[in-house]
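The structure under discussion appears below in the form of structure tokens.
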Amino acid sequence: MFTTSVRLFDQPIADKRTVVCFGTPRGGTSMVAGAMAGLGIRMGPNLPVNVEDPAFNPDVFGGDGPEFIAQVQQTIVQRRKVHDVWGWKYPRASRYLERVVAQLPAPRFVVVFRDPVPAAMRAAKRDGVSTQAQGKTVQSTIAGKLRAELKNLNMCYELGLPTLLVSFEKAQANPEAFLTELASFTGMPLPHDLTPILDFMTPGSYKDITSLLPQTV
């Protein structure tokens, strides 16, 4: 019985596979991607604290146009030669994932959903002056988050590939249960000592991913 996530379109675990983590900006994907790295999934070299491999980050290239897509396709070819199980995290991967998914070996998606109300509250405190202005900020923030999450969900159903829908709040409240479910979905062994991953998942500031996994190409 899954307590922190829901599976869609599950299939047998392939020997060579790719696991892509996405969701929304500041939506909990860094915590989940860190857990993936802690399970042994190669998430990229020289990762920053937000666990976003620059090779799969269109912001680094100024957009997700043809030049970026060509670079991603080239990186996929290189990574699949080196690793049997690898992946990456980018919150808005739905911007380009459909254009490269055919090149991925046995792709599996880990999609993070997070309660949008706290983000709206923070935005209102930061941007709003009057009560009316705060109300508009709350509305636009929640609506934007929900549109992005619906876009992710629709893409997952359109592609029909193995997908794990993760509740950030449930995963944070029940980290050991979440790690068990994530390990089962990704086909990775659950470490005997979960302490390093649990420490990384502890709420607070961003943490150094190198404490979980040596950096490789």
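The values are calculated or read from the model by the stated rules, or taken from the named source; none is laboratory data. This one's a predicted model, so the numbers in the text were calculated from it and none came from an experiment. Because the Cβ atoms are built from the backbone with ideal geometry, glycine has one as well, and the counts that use them run over all protein chains shown. The area values use the complete protein model at the heavy-atom level, side chains included, leaving out ligands, DNA and RNA. Shrake-Rupley method; radii C 1.70, N 1.55, O 1.52, S 1.80 Å.
Below, the figures for the structure above:
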item: Solvent-accessible heavy-atom area per residue, rounded to whole Å², over the chain at 1.4 Å; result: 48 Å²
item: Solvent-accessible area, 1.4 Å probe, carbon plus sulfur percent, for the range 78-158; result: 54 percent
item: Long-range lysine pairs (8 or more apart or interchain), the chain, Cα under 19 Å; result: 9
item: Between 0 and 90°, nearest 10: helix 29-38 axis offset from the chain longest Cα axis; result: 20 degrees
item: Rounded to the nearest 20 debye, dipole of the chain from Cβ charges on Lys, Arg, Asp, Glu; result: 440 debye
item: Using alpha-carbon coordinates, inclination of helix 117-127 to the longest axis of the chain, degrees; result: 60 degrees
item: Solvent-accessible area of Thr186 with every protein chain in place, 1.4 Å probe, in Å² to the nearest 10; result: 0 Å²
item: Average Cα contact separation per residue, the chain, under 8 Å, 6 or more apart, as relative contact order %; result: 37 percent
